[in-house]
Structure formats: structure tokens, C-alpha cells
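The values are calculated or read from the model by the stated rules, or taken from the named source; none is laboratory data. Note that the structure is predicted; figures quoted are calculated from it, not measured. Please note: Cβ atoms are built from the backbone with ideal geometry, for glycine as well, and neighbour counts cover all protein chains shown.
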Protein chains: 2
Amino acid sequence: MTRILAGLGALAIALAANQAQADTLIDNVNGITVSEDGTVVRFTGIVIDDDGRVREIVKRGGDRPKNVDFREDGKGRVMLPGFIDAHAHVMGVGLGALTLDLQETNSLAEAQAAIRAFADANPSRPWIIGRGWNQEKWGLGRFPTASELDAVLPDRPVFMERVDGHAAWVNTEALKRASITAATKDPVGGRITRKAGSRDPEGVFVDAAIELVGKVLPSPRPEDNDLAFRKAQQIFFADGITAVADMGTSVEAWQTFRRAGDLGALKLRIMSYADSIASMELIAGPRPTPWLYEDRLRLNGIKLYMDGALGSRGALLKESYADEGSHFGLPLLSSAQLRNLMSKASMGEFQVAVHAIGDAANAEVLGAIEELSEAYKGDRRWRIEHAQIVDPQDIARFGKHGIIASMQPVHQTSDRLMAEARLGENRLDGAYAWRSIAAQGAPLAFGSDAPVERTDVFAGLAAAISRTDANGDPFGGWHPEEVVTREAAIAAYTAGGAYAGFAEGRFGKLVAGERADFILVDTDPLLASPSELRATKVIETWVGGEKVYSAN
Amino acid sequence: MTRILAGLGALAIALAANQAQADTLIDNVNGITVSEDGTVVRFTGIVIDDDGRVREIVKRGGDRPKNVDFREDGKGRVMLPGFIDAHAHVMGVGLGALTLDLQETNSLAEAQAAIRAFADANPSRPWIIGRGWNQEKWGLGRFPTASELDAVLPDRPVFMERVDGHAAWVNTEALKRASITAATKDPVGGRITRKAGSRDPEGVFVDAAIELVGKVLPSPRPEDNDLAFRKAQQIFFADGITAVADMGTSVEAWQTFRRAGDLGALKLRIMSYADSIASMELIAGPRPTPWLYEDRLRLNGIKLYMDGALGSRGALLKESYADEGSHFGLPLLSSAQLRNLMSKASMGEFQVAVHAIGDAANAEVLGAIEELSEAYKGDRRWRIEHAQIVDPQDIARFGKHGIIASMQPVHQTSDRLMAEARLGENRLDGAYAWRSIAAQGAPLAFGSDAPVERTDVFAGLAAAISRTDANGDPFGGWHPEEVVTREAAIAAYTAGGAYAGFAEGRFGKLVAGERADFILVDTDPLLASPSELRATKVIETWVGGEKVYSAN
């Protein structure tokens, strides 16, 4: 052997060792992965290659792979694919974590105390901003008022978003900053609450009216956005979520994601849906972006809003609200506008995701999809977001044109009493109708709508299979015919979410060739009771073969 | 040797071969590279590694490297580092190439004929858009008028930018679209030409007034921008330019660059300077971006405008215009605004590049740099763009605080008659004063200001060393004491441009470790006459070891 070849031999050993370093076997796990169709595969080990992809799944009794350099003991823990949250607001989660959270308050008085305490703890903040209040949960029976904020904080402007983001509660100082007076008119698609017997604003702004105050809020600076994004990423990982469909990405949010990507700090996978045609074109140009940063970011399409939410009576109904006789909700787009926006996106092969809560909104969007499917053929994966209240007559329409139902199980448990009030007992047959919609052939993708709800997938799984809340109420489940199987629920939180974002084959399942995104938990979701499911602890979260969260 | 080691040996040979595939020697060249300080290194071969970097420079009589897999014969051609255009407008070059170019027209009549022909050739374009006219070159002695456009194109709106971008010439239909009437006032920092003895607009809009019509122009769609970018890239490569400082990058332009980068189509290296604080923050966030796409894109900082141009009498002078007695030009920023914007950028470690043409503008910017250098220490590389007319008393100030003079040699030859008219013979001692400014220690970076001038570096080199134009005029050179050496001129178009954009060590020189960006040409710029320099042919252009242009 010449000296050169001897040298090459040494090089080869170095290279081979280097190559093999990244081939890691995590053994002794109770592994579960579920296909889009609900087929379960169980395994006991997983081999990850140096690109962070799954090289091989090892089944019980199968040969253990020999050529791996690292072995880790999974200690018998349950391994699942990383969850995919098919509907969340990434920057909302992060910025929300930096502001006051009122979701745990159970009364107006508790909220007032929390606002005072937050203001005291943040004396330099020019505005006191928060979110998460819910007058239904407080048992208030009405919206809160500006005076009730003034009582605890008269000197600094206060802006508190309702839990569903469809209303804002402000104090008198904020009204002043926004120049809102009795003369201010309700904008189209929005409403300002008024004091009894007068035009004076009472302190709450619904839907399109929110912007009247929202526009004077100081915008987060880029560094605030960076901080918020890192916070959001931690929150998702801590709950076992490794990929998110970001519903309504602003240009600023996109640039925040890219900054993280450019610096190697983007670990979460984000499927983005732009907040407007203008944002979509500025972000992506004439076509969706490619997958960026090793399948961590893509601008898939656009998010549109057909209506508002049920809680604030913005959802568009076929018949009037049971608890507000003459009111049908507010369409946020005309039929023509909806079709124009959908066409504009579809011409560029962008995916279209439309928020539709009320039965009339769902019917409108279904109709638009049916029409546009003639012109825009191929694999479009039209998404309806929420699809909360669907006229039973319209459910079959979900099975056509590849429409995806992007639904949030926890909304059912949070909303059920409110939904009964808004609609009455007899109009709930198509409410949160997961099983019926899926039975028509519509792929399900489950999400949280965070920060509207928490990013707790196990609570979602428990709701999905039981239609009961954390207290086990109502006994036997609310409209229990609409539960889905455990397998279907897990699929909707993993492979289904990937399919809904054109990410199948990249992540969502633990199969050879897909990204090694997985979690280790302490509970088997195919065997646990709903309450055990809710108590599940995420022990570790991995993305692309890299550990990004550890509970310890 | 075990079977495994034997296997590894085979692997090593395969890997080594693979590795070596990209090690390419281009031999038999007349290679020249110049340092920032003008030191010339000559070489006869270059070895490029598989990352597209220079591995080794081979000098005459030195050992030829043995372990290369590919050898190319340079056929004795001259090899130079790829040129760096330190001041250009990338999208302007590309979009300009898609619109009508009037730069070659020598009279109003020629321009009219060209506009008619272009309109006929593009019957579906709603607006006829172009640039490049110069009433000085036409010998018109006045601005052209709307009527002169109406005469050839009455039915479609016409918008023609002046060669320097500081004025726009429109027809009556365009005035109508923009609702410009006798009642329209001149905006601050701008001027509308008026018909003699009336307030009626005459058809030309200067500086800040351009936007009055500009705002009704249809914006290019993302796909137009993509096409324009690809066109621009071709234009730069054909002229041997491999890197550009993009002066005034809009968010749309940045996104166009990123789209190209994401798709692997970004070959040109771009050092970006945002067109506003808002763009800078949206593009980069709180700090300059990292170098992206293997040193092909970075948001370095911000471009500010202190004044306009000399041709349109927008340049801010210490004494009034010789050919318009009471006029001093127009400051585009107040002293306080300039300092505020510079501070805002500097706080985030962004680089500041300020356009300053007139002597008063240069003095103002120098003063601001002197003040801000107290607060913002470290390696700031403050850039003054153009620095065309500098009060001789102020020239010494360029040598302090690391100020970079970013100048465009061809402007001197294009502007000399106009500059004499604007300033008179006695105020030209600090005009285009390359040598004097460099002698004070200010690093020079040369550019084209394309599309204001062509991207012809050899014309720039010829002007830089001779102060004569393509006709050899004026004999002996215009203020010939301000020529620079060939070495200094080449440095200012290569290493100097890299230094001015914080890119030294990455590209700009052909030395081991830097990117293999080079050109092959048919003329030795250290030996050729000015007319030979102007006739130089770029035969091939390479970026990062990849051939991106070939004349054949």
C-alpha cells in the first residue's frame, strides 16, 4: 500500500466514524405511530440518521440494528410522533405569553385584581395589554365596561382582548387615546357597546370595531417579536407540538420566523397561511415558497375570514341567534369578495383556508369551493377552519373536492354552554360534528386555536374521544355521537395535520424517510382514560433528531 | 486488514475522489488581484475547492498543484477578481431593462420616435414607462414638455424618468390619471414645471414631486420583479460584476432576492441598504441579517438621501447655482432628521450610507458623522454615496472616523459640462475629487449608480485613470489632478467595494479562503490605454467557482 492509500484509509475511518456518529438508536420504547387513515403501527425502537430523519423503525422481536454508534434507552416510555397543531397563531401565543393572561380568572373581580397586579409589576409599560377574558365563564351575563377597568387602572390605557379574539375591553384612557366618542360610528362588520340610553361607548369593541382601538396600540418592535417567537416555540415544545399551521401570518411574523431560521434558531415547523393577499404576495411572490430550513417553514397559502365567533355573536347563522332574536351574525366578506380572494390565491397555486364558524358561513364557503373547484382543479386541499356549526344538510358537502375540516376539539368543551345559549337545543346536530364530517370523507386536522385555547393536545385528545371536559362533564358526553376513535384523534393531531399542510412524507409519522420529530410521554393514549390522558406528562420533545425540550 | 477496514478503504477512495472532483485548477492565465491598499499580486493559475472558494493561487514558476482532478486551460487570458459595483440599484437595472431606455437618444426627436416605437411594440401595456432621457445631452437647454409627448402618444399615459432618476417627464394623459392641475402645489423638496405665465403643469416633476405621478403607476407584480431580477443578474454578469451594493432596497426587492435565494437562483452577491427605517426593520429586525446563501445576500444597513442630483438642481449647495441665481438646491432631510435616522440605524449596528451630491449636503453629512461617532464607536464604516461636489475645505474630513467615499467615476465624464454650468469654473476644485479624498485616508469604493449609468466597469476604470470620456475628451483630462492609479481604481472596484460592505475576507480578492469570484477578459487593465480599456471584452464570469456567464 502506498503512503497515499494508507493516508486515505485513515481518512476513510475518520469519515465513516463521523458519518456513523449521527446514527442513533433509541431503544426500549412503547412506540406508536398512526397513519392518516387511523392505522396504528407499534414499535420498540427508532434509528435516526445524520440528517435528522427516521432511518428505520424497529418492531418488537425484530432484529436490532447493528451499525449504530449511539444507543439510548427509552426506559419503556411511550413514543409518539410530534403533534401537529393544525390551527394556531404562533406570534399570538408568544406575544400573549409576554402580556397578561386572564384565561384563569373566574370572575370580573379576579380579572380586575390581576390587571392591577400586572400593571404594578410592569410600571414602565405605556399600555397594559392582555387577553383571555370570558364574561360567560365569569357568569357576568353581559360584557364588562370601561368603568370597571377605570376602577383599578385609571391612569394608563388598558386593552384586553376577549378569549376568542373577537372583542376587546378597554378603559376610558384607551378610549381617549383612540379618540372614541359618542359620535364614533360602528364600522361595517363591527360593533361598539354603548351605555344604556345613550351613544356613549361602554368599553367593549366587537370584531371589526376592535381595530378602532387596536390601531393606536404600540406595535411590537422586531426584538419583541423575536422574544415572543422564542417563547412560543418553548410553549409548543413543552406540550409536545413540533409543527404548527400558523393561521394568519403577517409579514412581520414571517420575517420573525425567517430571522430565527437564518440564525439556526427555528426549530418548530411552521406551515404558514398569510393574513391577506398583500402579505401572501409580499411573503411568497407568485407561488408558495419552497420548504425552507430543512422542512421547517413554508408559506402554504392564505387564511381568510368568512365570519366572526359564536361567543361574540359574530358567527354567521342561517337563523337568528336564539339569545338575540333579530341578529344573524356578521359576514366579514361578501360572496363576491370571498370568491375573488379565493381565486386570486388559487391562481398562484396557494392553498386556501377559510375561517367559518356559523352554519351560514360554512354553507357559503362550501358553495364557493364547489364553484371554484371547476376552475382550479388538482390537489387543492381547500381548508375550512373551525367548521363549528354546520347545517346537518351541508355535512355531506365536506366529503367532496378534497375539503379538509380543520377543527379544534377543545372548543367543543369550552363552548358547549355558550353554543346552547346562542343556538338553542334544537340546532346543535351539526355542532362540532367531528365524526359526521369525517364519515363523509373529509380529512380531519385537529388544532388548538392557541392562544384562544391552550396548546394542550392531551386535553384535545380527551375531548375528542369523550366529548367531556376536565371535570368529566357532561356525564356521558355532550352529543356523544360525535366522538372520534382514539386512532382517528391521534391521526388528526399528527399525520392529518401534515396532510392538511402538504407536508405528508416530510413529517407527521414515524416512518423511514420522514423527519425524526417525536415525543416521549408517560401515558399510552390508546389505553388511557380521558382523565389520565389529560394528566399525561410530556417528558421529551425532539425535532429533526434533536432534543428541543426535556421536562427534567 | 479486516473486511470492514478493507471496505472502509474502498469508501475512502470513493470519498476522496468525490471530494477532489471539485478541486479544479484553472491554469495558464494572466491573473491579477489587488488589495485594498493597491498592492498587486500576479499569478498564473487558481485552484478552486468544492465549496467554491479559492484554495490556492499559483504563481509563475511555482509548483503546479498535483492533486486536482480537473484542469482547465485559461488560454493566457487575463483573470481578475469579479468586480464589485459599490453603488447600484439592482431592481432598477432589471425593471429598466424591461422598460424603454432613452439613454442612447441624442435629441428630443429621437426620444419621441423611440417612445412611439416602444408603444407600438407593446400595445397591451396600460402605461408606457421608461427612463434615461437627458435634456443636456439633447442640447435642449430646457426640460421637455407634456405636449411633446402628446404629439407622439396622446391616448396612453407616459412616464419617463430622467437619466439620474431625479425628474420625471409625463404626458397629458398621465397628468389626468394623477389628477395634476394648475391647483396642485409643489410638495416640500420637489417642483412641478409650469407653463410660462401660468400655473398649468408643463410636464416635468422634480425630486419629491415625482411621487405625485409615480404613485399612480401600476406596481410591478411579484412575477415582474422575478423576471426583472433575473435580467439584472444577467446584465451585471455580462459586465463582469459579481457583487453589488444595492442602494435603497425595498421590502419587495428584498423578498425578490430571497425568492431567488430560496430557489437556488441567486448567483449575484448583494449587499443591501434598505430604503427606509421601516424597510430596514421589516427586512432585518433588530440587527443586520447574517450573510445568507453562501455569502450572496446580507442586509448591511440603510440608505438615506441628504439631497437630490446636480442635473435637476436638487443637489444642496453652499452657494447658489451658477445657472439659477437664487436657488441652493433642496435638502431632503433636516439636520435633526438626518441625525435621528442615522442614530436609529446605528443603535442596531446597521451601516449608514448617505447620498450627498452637493457641497452643503456633504458638509452636513460629514458633520453628522463627526457628532455620531462620539456615541456610536467601533468599526462603523460610515458611507457617503456620490460625494460629488465637496468643498475643498471639507475634503480632509473624509479621512476621519473611517468614512468611506462611495463614488462613481463615470459620473465625472457624464456630468462635467453640466457641473461646469451648475457651479461655474471656480467651484470645481472638489468635484469628483477621487484622488484628494483618497489621499486623506478615506477608503474608495467605486460603482456605477446603474441604471443611472451603464454597468460598464471598464468605462469606469478608463474614466478613473484619465478623466476623459469615450471620445478622449477633454484632451489631457478634466481636472486631471484627480485621476487615481490603475491599481487604486481596480482596488476600488474589487477589494474596496468588499470592504465598504463588510465583505472583506469573503470576496473581492483572489486569495486562499475567499469565494472564487472571477472574470476572464481579453485586456490587461494595468497595461491598456483608456480606449483599449473601454473596448475590453468580458469572456467569462464565475461566482463561487461556478461559471455564470460566457460570451460565447
- In region A:296-317, what count of residues is obtained for those that are of a type outside the set (A, V, I, L, M) and within 18 Å of A:Pro331 (Cα to Cα)? 8
- Within region A:542-552, residues buried (at least 19 other Cβ atoms within 10 Å of the Cβ) and in a loop (DSSP other than H, G, I, E, B) come out as A:Gly544, A:Gly545
- Number of the condition not met by B:Gly301 [criteria: (1) assigned to a helix (DSSP H, G or I); (2) closer than 30 Å to B:Ala498 by Cα]: (1)
- Answer yes or no: is there a residue in region A:255-273 that is in a helix (DSSP H, G or I), under 19 Å from the mean Cα position of the chain (by Cα) and buried (at least 24 other Cβ atoms within 10 Å of the Cβ). yes
- Message: For the structure I just gave you, tell me whether B:Lys344 is more than 22 Å from the chain's Cα centre (by Cα) and modelled with pLDDT under 95.
- Response: no
- Task: Given the conditions (1) surrounded by fewer than 24 Cβ atoms within 10 Å (Cβ to Cβ); (2) in contact (Cβ under 8 Å) with a residue 60 or more places away in the chain; (3) not polar (S, T, N, Q), report the number of the one that A:Ala309 does not fulfil.
- Result: (1)
- Item | Those residues of region B:283-333 which are of a type in the set (Val, Ile, Thr) and more than 13 Å from chain A (Cβ to nearest Cβ), in sequence order | B:Ile302
- If you go through region A:367-411, how many residues are assigned to a helix (DSSP H, G or I) and either within 14 Å of A:Tyr432 (Cβ to Cβ) or in contact (Cβ under 8 Å) with a residue 60 or more places away in the chain (or both)? 6
- Query: Just checking, which of B:Ser320, B:Ser326, B:Ser346, B:Ser335 is touching a strand residue (DSSP E or B) at 6+ places or on another chain (Cβ under 8 Å) and not assigned by the TED database to the domain that holds B:Leu140?
  - Reply: B:Ser346
- Query: In region A:491-511, is there at least one residue being touching a residue at least 12 places away in the same chain (Cβ under 8 Å) and more than 21 Å from the chain's Cα centre (by Cα)?
  - Reply: yes
- Note on the structure: Listed by range, strands (runs of 3 or more DSSP E) wholly within region A:99-213 having at least 1 residues that are surrounded by fewer than 18 Cβ atoms within 10 Å (Cβ to Cβ) are A:190-194
- Task: Output the number of the condition that B:Pro218 fails; it satisfies all remaining conditions of (1) assigned to a helix (DSSP H, G or I); (2) surrounded by fewer than 18 Cβ atoms within 10 Å (Cβ to Cβ); (3) more than 20 Å from the chain's Cα centre (by Cα).
- Result: (1)
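What are the residues in region B:412-430 that are in contact (Cβ under 8 Å) with a residue 12 or more places away in the chain and among the charged types (D, E, K, R), if any? Spell out the reasoning first.
Taking region B:412-430 first, the residues in contact (Cβ under 8 Å) with a residue 12 or more places away in the chain are B:412-419, B:421-424, B:427-430.
Across region B:412-430, the qualifying residues are B:Asp415, B:Arg416, B:Arg422, B:Arg427, B:Asp429.
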- Task: Test A:Val251 against the criterion of being within 11 Å of another protein chain (Cβ to nearest Cβ) and β-branched (Val, Ile, Thr), and give yes or no.
- Result: yes
- Any chance you could count how many residues in region A:347-366 are of a type in the set (A, V, I, L, M, F, W, C), closer than 25 Å to B:Arg221 by Cα and in a strand (DSSP E or B)? 3
- Item | Members of region A:467-500 that are closer than 17 Å to A:Ala528 by Cα, polar (S, T, N, Q) and buried (at least 21 other Cβ atoms within 10 Å of the Cβ) | A:Thr468
- Query: A:Ser334: under 30 Å from A:Arg416 (Cβ atoms), surrounded by fewer than 24 Cβ atoms within 10 Å (Cβ to Cβ), among the hydroxyl-bearing types (Ser, Thr, Tyr) and at pLDDT 95 or above, yes or no?
  - Reply: no
- Reported set for region B:304-329 where residues are in a strand (DSSP E or B) and of a type outside the set (Phe, Trp, Tyr) is B:Leu304, B:Glu324
- Message: Just to check your reading of the model, which residue among A:Ala433, A:Ala387 is among the hydrophobic types (A, V, I, L, M, F, W, C), at positive phi and buried (at least 21 other Cβ atoms within 10 Å of the Cβ)?
- Response: A:Ala387
- Say whether the condition of being of a type in the set (Lys, Arg) and within 19 Å of A:Ala111 (Cβ to Cβ) is met by at least one residue in region A:185-208. no
